[in-house]
Structures are given as structure tokens and as C-alpha cells.
Amino acid sequence: MAYEYDSENIFAKILRGEIPNNTVLETEHCLAFRDLYPQAPEHILVIPKGPYVNFDHFGAEASDTELADFSRTVARIAKEIGVSPDAGGQGYRLIANTGAHGVQDVPHMHMHLIGGRVLGRILQQA
């Protein structure tokens, strides 16, 4: 499948410095920043710097270096903000919304790292 990346999406503009953000961590391949509309005390978005539309696209086409950097960035942030169990935290949730049914609002691959309180079940039965 060919993925079409929209270079005018809000995260692309953040990466280009056109829109400010509250940066938590920046690496060679990732940018992590606080969500403008947090759903918990800790709500951080982690995005790759490459032009990936969603997790499928990222997983299929990102380099091994980008994939490793992304995973290590998420783990590092979870530890630094104190939600990781090995940092004494009580846990967290990772969410990557994809497509219409996944309610993806921004067509740039991103992971929500959410924690700092009990989050409840991820899905409720219909």
C-alpha cells in the first residue's frame, strides 16, 4: 500500500517549528511533547520525525534505527515522568489511533503516553 503523507498536518508544522509545543524530549528521530488537551496528569505525544502517516506505515517503512529510537524514547519518558513500574510508578497506557475507526485526528504517526492516575478500561462494551 502506498501511504500519502500530508506535509501540512499540525505535527509536521510542529516539527518544522511553525507551531510551538511543550517539548518533553527530543532525539535524532523523535519529538515528544505534552498534549494540549491532557486526559490524565501525564499525557505526552511521541512522534517520529519522519513522514509516517500511522503505525502501520511507520512499522513497515521506518528504519531499524528509527524504530529503536522511538521505542527507547517512549520507555525513557515513562521512566522520567515516574509512571513506569521500574521507576516506582503505577503504570501507563500507550495509544496509537489509526484511521477512521481508530479516530485518528492527525495523519502523522503518534503515540499517546498517558498515566498518573487510574485510567479505567480502554473500551466499554457497546
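Taking the Cα centre of segment 10-115 as reference, the dipole from Cβ charges on Lys and Arg (+1) and Asp and Glu (-1) amounts to some 220 debye.
Computed from phi, the 3J(HN,Hα) profile of segment 88-97 under the Karplus parametrisation 6.51, -1.76, 1.60 (θ = phi - 60°) reads x, x, 9, x, 7, 10, 10, 10, 10, 7 Hz, with x in place of Gly and Pro.
Rounded, prolate or oblate: which fits segment 59-113 when a ≥ b ≥ c are the square roots of the eigenvalues of the alpha-carbon gyration tensor, with rounded for a/c under 1.5 and prolate only if a/b beats b/c? Note, shape of segment 59-113 comes out oblate.
The order of the peptides 31-44, 87-100, 49-62 by mean Cβ neighbours within 10 Å, most packed first, is 49-62, 31-44, 87-100.
Taken together, the values in this text are just the output of simple stated rules run on the coordinates, not laboratory data. All figures in this text were calculated on a predicted structure; none of them were measured in a lab. As a convention, Cβ positions derive from the backbone with ideal geometry for all residues, glycine included, and neighbour counts pool all protein chains shown.
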